[in-house]
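Colleague: Take this structure first; my questions come after.
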Amino acid sequence: MIRVGISGMGEVGRYLLRAHQEQTNRILLQQLVERGALKGMVSEGQLSERALDDILNEQGVDKGFVEIVAVNSRSPPDKWAHLLLNSSIYRRFPGYFGTRGSVGIDNDKNIIVNDRTIKTYVEDNPAKIPWNETGVDVVIDAT
């Protein structure tokens, strides 16, 4: 697993996060269908995030090769989290197969995407960020 940090949550950084989630959705759906884990379900979009996590854990599905674990932005996370969730260009954030409420902020001002906490920094100089505290292997400069 490669742990990634994104520096810059403007249009490019938010798109990277969205694209990562959409690709993860495709991988998860393909693995679940191949294993027959969704048989009897009316539609994948009706799965709750908790039910999906239970199925993934039960099936031992690999959730991907890349994990976004930290982001940095000059603006506070509540401002760009709203733009991530509701993009006028890319529409509503896809979430787990389109479930609602997939983006939020916790009490420590970290962003939560599909029940996964992503450490959030608000720093002008990305060199000052302790990326290693979150185990980041690669930082993408999206400024």
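The values are calculated or read from the model by the stated rules, or taken from the named source; none is laboratory data. All of these numbers come straight from a predicted model, not from anything done at the bench. Reconstructed Cβ throughout: ideal geometry from the backbone, glycine too, with neighbour counts over all protein chains shown.
Colleague: Quick one: count up the residues across segment 6-25 that are farther than 13 Å from THR143 by Cβ and either modelled with pLDDT under 75 or buried (at least 17 other Cβ atoms within 10 Å of the Cβ) (or both).
Modeller: 6
Colleague: Do you know which residues across segment 95-132 are over 15 Å from SER73 (Cα atoms), at pLDDT 80 or above and among the polar types (S, T, N, Q)?
Modeller: If the condition is that a residue be over 15 Å from SER73 (Cα atoms), at pLDDT 80 or above and among the polar types (S, T, N, Q), then ASN107, THR117, ASN132 are the ones that fit.
Colleague: Can you work out which of the residues in segment 72-94 that are surrounded by 12 or more Cβ atoms within 10 Å (Cβ to Cβ) and either in a strand (DSSP E or B) or in contact with an Asp or Glu (Cβ under 8 Å, 6 or more places away or on another chain) (or both) is modelled with the highest pLDDT?
Modeller: Checked segment 72-94; the qualifying residue modelled with the highest pLDDT is ASN72.
Colleague: Moving on. Give the number of residues within segment 101-126 that are in contact (Cβ under 8 Å) with a residue 40 or more places away in the chain and either part of a loop (DSSP other than H, G, I, E, B) or under 15 Å from ARG14 (Cβ atoms) (or both).
Modeller: 10
Colleague: In segment 7-34, which residues are closer than 27 Å to PRO76 by Cα, over 14 Å from the mean Cα position of the chain (by Cα) and part of a helix (DSSP H, G or I)?
Modeller: Listed by number, the residues that qualify are GLU11, VAL12.
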